[in-house]
Structures are given as C-alpha cells and as structure tokens.
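Please read the structure below before turning to the comments.
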Amino acid sequence: MDNEPNLISDEISLRKEVERINAEKSEKRLRLILDNSFNMIALCDLGGNIIYCNDSYREVLGFSPETLIKSNIFTLFHPDEREKAKEDIFIQLLNEGKGQMESRFITKEGYYKFLDHRFRLVDENDTGRDTIVISSQDISEKKRSEMILTVQRNLAYSVITSRSFLEFYKTIIRELNSIMEVNNIYVAFYNEKRGVFRLAGISDERDEIDEWPAEGSLTGLVMEYGKPVIFYKDDVLRMHDEGKVELIGTTAEVWLGAPVKSGDKTIGAIVIQNYDSPDAFTKSDLEIIEIIANEITIFLEMKSAEEASQKLNIAVIQSPASVLITDADGNIEFVNPKFSRVTGYEIGEILGKNPNILNSGMQPKELYKEMWDTISSGREWRGELQNRKKNGEFYWEDISISPIFNESGVIVNYVGVKEDITDRKKLIGDLITAKEKAEESDRLKTAFLQNISHEIRTPMNSILGFIELLQEPDTSGEERQEYIGIIEKSGHRMLGTINDIINISKIEAGIMSVQINTIELASVVNEVTGMFRPEAEKKGMHIQSELPELNDKTTIESDYEKVFAIFTNLVKNAIKYSNHGTITVGYVSHPNSVECFVKDTGIGISKEIQSAIFERFTRAEVHSRRSVEGAGLGLSIVKGYLQLLGGSIYLQSEPGEGSKFTFELPKVLK
Ligand code: ADP
C-alpha cells in the first residue's frame with residue numbers, strides 16, 4: 001500500500017515543491033532588496049538573536065553581517081540604554097505589534113552612533129515562531145547638529161547668568177562632556193608682555209600646569225594660526241622631533257584647540273584633549289570648539305562692558321557732584337544720592353518732574369531760555385544758578401548740562417552735573433568784604449598816621465615854640481606864666497593822645513583788664529560835669545547833670561576807671577563838636593541796668609557815618625580841615641570799654657541839631 005502511487009499525496013507534494021521554489025525565489029528577491037537598502041535591516045527572534053542582517057550594518061557600524069548573525073542585537077545597544085530598550089521594544093510590540101525608538105549603537109571602533117529604529121512583529125504562520133524585523137537609520141549627524149544647538153543655547157544662557165569666569169567655565173566643561181569623550185579641557189589666556197599662557201580654568205585627569213611659554217607650545221601654534229586646529233599624537237611627536245614644539249605634560253592621542261579672540265586679536269585659547277584614542281574627536285568637532293571659543297569671547301566682552309558700566313555706575317552714585325539725567329523733554333529720569341542730599345528731594349518724589357522744580361525765581365527767564373537753546377541745539381551749557389531746595393533754602397550751583405545722542409544723532413537725554421558752590425560763593429563774598437575792609441583799614445591807618453602826626457606835632461611845635469619864647473630875655477613875668485600854661489596844656493594834649501594809643505592797643509591785643517568796684521553813678525556824673533564846666537563855659541556853653549532824682553543813690557558793679565573814661569570821652573566830644581547850647585550828662589535806672597547819656601546841641605552827625613564813627617581812626621570828613629583836634633580814637637575806646645563791661649552804645653543825631661550818645665551798662669558785671 002505504501003508503494004502504491006498516491007495521487008492525492010503526490011499532488012500535495014508537488015504543490016509544496018512549487019511553493020518552496022516560489023518561496024525560495026521570493027526570498028532571494030527579498031534578500032536582494034534588503035541587501036541593497038540604505039537602512040540597516042535585521043531579522044531577530046523574540047529573544048533578540050539576529051537571524052539575518054543586511055550589509056548596511058557593515059557600512060554604518062563596521063561589523064560584517066556574518067559576524068553579527070547568531071549574536072544578540074541587544075549587545076549592540078549602549079550599555080546605559082540596553083535594558084530600557086529591551087523593555088520599550090517588547091511593550092510596543094505587545095501593544096501595537098510595531099514600534100519606534102532612538103538609541104545609541106556601538107561601532108567596531110568602540111564609539112557610538114545614534115540610530116532611529118522601526119520594528120515590527122512578523123507572524124510566521126507555518127513555523128509558529130514569530131520574528132522581529134528591525135529597520136534602523138543612522139541619525140548621528142542630525143543628533144549632532146541638535147546637540148550643537150543645545151550646547152550653543154546653554155552656553156549663551158550661561159554667558160548671561162554666570163557671575164564669574166569660573167562659573168561660566170563649569171558650564172563649558174559640562175556641555176563638552178555631554179557631547180564628546182574629553183579627558184582634558186583648559187582655557188588659557190596669553191600674557192603678551194611675558195609671552196606666556198596662563199591657565200584660566202582647567203579640568204584635567206592628568207596634568208595641571210599653571211603657566212607655560214607660548215613659544216614652542218601647541219597652544220602657541222593655535223595663536224599663530226588664528227583658527228581651530230586638530231593635532232594627533234603622531235603629528236605632535238613629529239613636530240617635536242623637528243624641534244617645532246616642546247612636549248608639555250602628557251601627550252594626548254588627539255588634541256584640539258581654538259583661539260579665543262577679542263576683535264581681531266587672539267587673547268587666548270580653549271583646548272580639549274583625549275589621552276585614550278585618536279578617534280575621540282573628528283575634524284567636525286572643530287566646529288564645536290570654535291563655537292565655544294566664540295562664547296568665551298562674548299562672555300569676556302560682556303563682563304568687561306558690565307564692569308565698565310558698573311564702575312561708571314559707582315562713580316555716578318558716589319560722585320561728590322550732584323548728577324541729574326532727564327529725557328529729551330526735560331523730565332527727570334535719574335538723580336544720584338548727592339542730588340538728594342543737596343536738594344532734599346528723594347529720587348522717588350522727583351522722578352518724572354521737571355528740573356524747574358528747583359527754580360528759585362532769582363534768575364531772569366532769558367537765562368533759562370538761553371540754556372535750553374544751547375543744549376537743545378546739541379551744545380554744552382555751563383553756568384551758575386541760584387536754586388531752591390525742598391525746604392525753601394536758596395543755594396548756589398555751578399552747573400554743566402550736556403546733551404546725550406543716540407546712534408542716529410538724536411538727543412535722547414540731558415545730563416546735568418552740578419556742584420554746590422554756596423560755601424564757595426560765601427567765601428568769595430567774605431573775601432571781598434575782607435579785602436574791602438583791609439583797604440578801608442589801610443586808608444584809615446593812613447588817615448590815623450596823619451591825624452597822629454598832627455596830634456603830636458601840633459602840641460610839640462607849640463611846646464618848642466613857647467620854650468624858645470621863654471628864653472627871650474625881654475619876656476615879661478606875665479607872659480612867661482601864659483607861655484608855661486600853654487606848654488602845660490600842649491603836654492597834656494600829647495599825653496592824652498599817647499594814652500589813647502596805648503589804650504586802644506591794649507583793647508586790640510585783648511590785654512585790657514577789668515577791675516570791679518561799686519560805683520555811685522550820680523557822683524561820677526557830677527564829677528565829670530564839674531571837671532568840664534570851665535572848658536564848656538570858656539566856649540560859652542552850659543553843662544549840666546540830669547539824675548533820676550536829686551539824691552539818687554543808684555550804684556553799679558563795674559570798672560570805675562573805664563566808666564569814667566567813657567563819660568569823659570563823650571563829654572569831651574560834645575564840647576569839641578558844639579559851639580553853643582547845653583551839654584546834658586545823666587542816666588536812667590532800670591531793674592538790671594542803667595542807661596547813661598551825654599547829649600549836646602552841637603553840629604550833629606550825618607546818618608551815613610553814624611555807624612562808622614565807632615570804628616577806630618574814623619573822623620567825620622568835616623574835620624579834615626583839622627579845625628578840630630582829635631586822632632579819631634575816642635569813640636573806639638568807648639566802644640571797646642563797653643564791650644569789656646558787657647554794655648552797648650547807640651547814637652541819635654541830626655546834623656545841625658545835636659547828638660545824644662546813650663550807653664547801657666549792666667548793674668552787676670558778671
Ligand atoms: P576824634 O574826636 O578824636 O576825632 P572820636 O573817635 O572821639 O575821635 O570821634 C570820631 C568822630 O565822631 C569825630 O571825628 C566826629 O566826627 C564824630 N563825633 C564824635 N562825637 C561827636 C559829637 N558829640 N558831635 C558831633 N560829632 C561827633
């Protein structure tokens with residue numbers, strides 16, 4: 001039965017054979033297609049064992065399909081991603097029967113490439129063993145551009161946020177390590193004067209050298225070329241043999257450097273090295289290192305601009321001058337603390353206001369117009385203004401206002417720098433007064449010397465003249481008596497002048513002493529009027545005392561000599577500067593003081609010189625004819641004494657009507 005031809009089974013096997021041939025044909029076709037695909041295509045069992053892979057695996061990873069078949073596809077995954085990838089793939093296959101993911105695959109050289117995988121479950125009905133088809137594409141270049149973009153973005157951010165170069169440098173290291181295998185990174189700046197490089201930041205697994213000469217170093221070559229360079233160990237050793245470079249520290253397998261520039265000038269370099277493999281960096285990494293070098297330049301320029309503006313800021317804030325900045329319309333945008341200290345306006349309350357808030361109204365409107373015309377036409381205005389503080393006080397300022405232009409030459413701001421010159425102005429004012437005073441005093445001294453010489457010469461001449469006459473043999477006894485009388489009077493006049501000079505000098509020198517006595521005022525007044533009565537009567541005048549009451553007993557505690565001298569000086573003047581009428585000497589008593597007076601009906605004193613006559617050497621111009629004796633010291637002595645005795649003096653007088661000198665003294669001098 002077994003050997004009997006079985007038509008049905010024959011037919012079946014024939015059909016199977018046809019199917020097998022067809023399948024073989026289509027598999028061949030399929031293989032042809034797969035082998036010529038750009039994508040990497042692999043067929044694996046559910047455990048990941050590779051049943052088939054196409055030739056693209058060789059092209060992309062360097063492994064031949066023969067070596068890969070039977071090995072597990074998961075061994076190609078980056079160890080960090082392996083487990084996660086397994087899980088991901090199975091979950092997606094379970095849910096959808098297909099899926100997609102990105103991962104890194106190792107290359108034959110030991111580096112990793114980024115791949116985009118698409119996979120699908122293939123149902124093998126006849127065998128019952130399911131397989132997975134994985135189609136992968138090399139996306140390393142795309143990934144790399146993405147990473148470069150990320151690095152660039154992160155560095156740009158760090159340029160703004162880093163406070164120090166070290167902080168910025170840490171970002172550089174982090175970013176570089178995220179995209180390449182780097183053993184050593186350093187940034188060095190060139191010191192032109194000394195011809196050396198100095199490390200600004202380093203992260204090295206082996207060496208750390210602080211400073212080295214630029215000449216003969218690889219970094220020096222980067223400077224020289226002015227563009228990024230890559231050196232392999234062989235290049236370096238060859239250059240060393242040729243005597244072009246020195247070997248500093250460990251020689252790297254691959255060395256990559258880029259110049260850090262400022263404008264056209266190279267000021268330093270950034271270098272990365274790998275000690276393990278020459279394949280760690282490729283020429284395309286030059287682009288990355290150049291980007292980083294540029295970011296360093298931007299960082300340095302920004303920092304130096306920041307520092308400069310910070311310095312300016314501090315200078316303005318701490319400036320001893322007031323600084324005020326307005327917009328083009330004159331609205332205040334900024335004032336420094338000194339401005340607030342001077343004016344009393346805090347920054348908050350003055351922002352947006354117009355500087356005319358300080359206007360004191362002391363300057364004419366035209367001045368402000370001239371100022372605005374000057375600055376709005378782009379020129380600087382300088383001047384002095386009297387302004388008003390918040391508390392209403394006036395002050396003087398030396399002001400310079402300058403316009404500030406934008407790039408298009410349009411005025412955008414005005415800056416005012418102001419110095420408070422109130423004290424300086426006052427000082428100048430005081431100096432002018434002092435100078436005038438000195439000139440005046442000079443003039444007075446000349447007048448005084450003339451007076452003095454007149455006051456000494458006149459009596460001296462008369463003394464000498466009459467002594468001569470006395471010597472004449474035929475001078476009668478009567479005449480002799482008369483001459484001796486004149487000589488005596490002249491001697492007294494001279495003594496008086498000399499005493500005055502001595503007294504005024506003592507007052508001036510502050511060595512005039514005060515002796516306190518109990519003084520009965522009525523007796524002083526009576527003594528003075530009695531003493532001068534003959535002189536007054538000789539001029540046909542009357543002299544009288546005027547007491548509060550007949551037997552007034554008012555006493556004061558003061559210096560007798562000086563009080564007496566004050567009265568005599570005033571009475572002497574009253575007689576001197578009157579030709580008729582009555583001289584009244586008296587006082588009025590108050591609880592704590594006495595008010596003494598000497599009144600005459602003489603020539604009087606014009607208003608203009610009333611205050612000046614108490615100054616030493618001053619005499620009314622009328623006497624320049626020297627009709628009246630006097631050195632101009634009497635009233636200054638009076639004033640000096642009154643100051644010592646805690647008193648004061650004032651004068652009421654009308655020319656032609658007479659004068660009344662009133663002085664007040666405390667009853668008890670403390
Ligand atoms: P002297 O009398 O020596 O000139 P004084 O200092 O005593 O100096 O007086 C200063 C000036 O004041 C006098 O030169 C005179 O012009 C004026 N004077 C003082 N007393 C009187 C007075 N009673 N009447 C008018 N003028 C007076």
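The values are calculated or read from the model by the stated rules, or taken from the named source; none is laboratory data. Everything numeric in this text was worked out from a predicted model, so none of it was measured. With ideal geometry, Cβ positions are generated from the backbone for all residues, glycine too; neighbour counts draw on all protein chains shown.
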*Look through SER309, SER262, SER304 and report the one residue that is without any contact (Cβ under 8 Å) to a residue 60 or more places away in the chain, within 21 Å of GLN152 (Cβ to Cβ), surrounded by fewer than 15 Cβ atoms within 10 Å (Cβ to Cβ) and within 40 Å of the chain's Cα centre (by Cα).*
SER262
_Please determine whether any residue of segment 577-585 is assigned to a loop (DSSP other than H, G, I, E, B), more than 12 Å from the ligand (Cβ to nearest atom), closer than 22 Å to VAL525 by Cα and modelled with pLDDT under 95._
yes
*Hey, PRO79 hits all of (1) in contact (Cβ under 8 Å) with a residue 12 or more places away in the chain; (2) in a loop (DSSP other than H, G, I, E, B); (3) of a type outside the set (Val, Ile, Thr) but one; which does it fall short on?*
(1)
_Selection from segment 265-281 of residues that are touching a residue at least 12 places away in the same chain (Cβ under 8 Å) and either at positive phi or not aliphatic (A, V, I, L, M) (or both)_ = THR266, GLY268, GLN273, ASN274, TYR275, ASP276, SER277, PRO278, ASP279, PHE281
*asked:* Among (1) under 30 Å from ASN177 (Cβ atoms); (2) surrounded by 12 or more Cβ atoms within 10 Å (Cβ to Cβ); (3) more than 22 Å from the chain's Cα centre (by Cα), there is one condition SER284 misses while meeting the rest; what is its number?
replied: (2)
*Restricting segment 99-139 to residues that are surrounded by fewer than 16 Cβ atoms within 10 Å (Cβ to Cβ) and of a type in the set (Gly, Ala, Ser), the residue that is nearest to the chain's Cα centre (by Cα)*: GLY110
*Would you point out the residue of segment 617-638, among those that are charged (D, E, K, R) and more than 9 Å from the ligand (Cβ to nearest atom), that is modelled with the lowest pLDDT?*
ARG625
_Tally of residues being touching a residue at least 40 places away in the same chain (Cβ under 8 Å) and among the small types (Gly, Ala, Ser) across segment 218-259_ = 3
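For residues in segment 548-564 being of a type in the set (A, V, I, L, M, F, W, C) and buried (at least 18 other Cβ atoms within 10 Å of the Cβ), which is farthest from the ligand (Cβ to nearest atom)?
The selected residue is ILE556.
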*(1) touching an Asp or Glu at 6+ places or on another chain (Cβ under 7 Å); (2) buried (at least 18 other Cβ atoms within 10 Å of the Cβ): which one isn't true of GLY216, the others all being true?*
(2)
*Does any residue of segment 6-28 turn out to be surrounded by 11 or more Cβ atoms within 10 Å (Cβ to Cβ) and in contact with a strand residue (DSSP E or B) (Cβ under 9 Å, 6 or more places away or on another chain)?*
no
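Is segment 487-498 home to any residue that is more than 13 Å from the ligand (Cβ to nearest atom) and in contact with an Asp or Glu (Cβ under 9 Å, 6 or more places away or on another chain)?
Within segment 487-498, the subset more than 13 Å from the ligand (Cβ to nearest atom) is 487-492, 494-495, 498.
Narrowing further to those that are in contact with an Asp or Glu (Cβ under 9 Å, 6 or more places away or on another chain): 494.
There is at least one residue in segment 487-498 that is more than 13 Å from the ligand (Cβ to nearest atom) and in contact with an Asp or Glu (Cβ under 9 Å, 6 or more places away or on another chain).
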*For segment 544-576, what are the residues that are touching a Ser or Thr at 6+ places or on another chain (Cβ under 6 Å) and part of a loop (DSSP other than H, G, I, E, B)?*
PRO548, THR554
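For segment 533-544, enumerate the residues that are buried (at least 17 other Cβ atoms within 10 Å of the Cβ) and touching a strand residue (DSSP E or B) at 6+ places or on another chain (Cβ under 6 Å).
Here is the first cut: in segment 533-544, the ones buried (at least 17 other Cβ atoms within 10 Å of the Cβ) are 536, 541, 543.
Listed by number, the residues that qualify are ALA536, ILE543.
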*If you go through segment 62-81 one residue at a time, do you hit one that is under 16 Å from LEU115 (Cβ atoms), touching a Lys or Arg at 6+ places or on another chain (Cβ under 7 Å) and of a type in the set (Gly, Ala, Ser)?*
yes
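Would you be able to tell me the number of residues in segment 334-360 that are in a loop (DSSP other than H, G, I, E, B) and without any contact (Cβ under 8 Å) to a residue 12 or more places away in the chain?
Of segment 334-360, the ones in a loop (DSSP other than H, G, I, E, B) are 336, 344-346, 351-354, 360.
Restricting the remaining residues to those that are without any contact (Cβ under 8 Å) to a residue 12 or more places away in the chain gives 346.
Summing the residues that are in a loop (DSSP other than H, G, I, E, B) and without any contact (Cβ under 8 Å) to a residue 12 or more places away in the chain in segment 334-360 gives 1.
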*Count of residues meeting criterion [under 16 Å from THR446 (Cα atoms) and either at pLDDT 90 or above or more than 8 Å from the ligand (Cβ to nearest atom) (or both)] in segment 600-616*: 1
*Within segment 49-64, identify whether any single residue is under 14 Å from ILE132 (Cβ atoms) and not in a strand (DSSP E or B), and answer yes or no.*
no
*Looking at this structure, is GLU537 within 25 Å of THR458 (Cβ to Cβ), assigned to a helix (DSSP H, G or I) and at pLDDT 90 or above?*
yes
*Pick from segment 142-196 the residues that are assigned to a loop (DSSP other than H, G, I, E, B) and touching a helix residue (DSSP H, G or I) at 6+ places or on another chain (Cβ under 6 Å): which of them is modelled with the lowest pLDDT?*
VAL182
*Restricting the first residue to segment 570-597 and requiring it to be closer than 24 Å to GLY656 by Cα, which pairs with a second residue that is in a strand (DSSP E or B) and within 11 Å of the ligand (Cβ to nearest atom) meet a Cβ separation below 6 Å and a spacing of at least six or different chains?*
LEU570/VAL598; LEU570/PHE661; VAL571/VAL598; ALA574/ILE583; ALA574/VAL598; THR584/LYS599; VAL585/VAL598; PHE597/LYS660
*From the options ILE463, ILE401, residue that is in a helix (DSSP H, G or I), surrounded by 11 or more Cβ atoms within 10 Å (Cβ to Cβ) and among the β-branched types (Val, Ile, Thr)*: ILE463
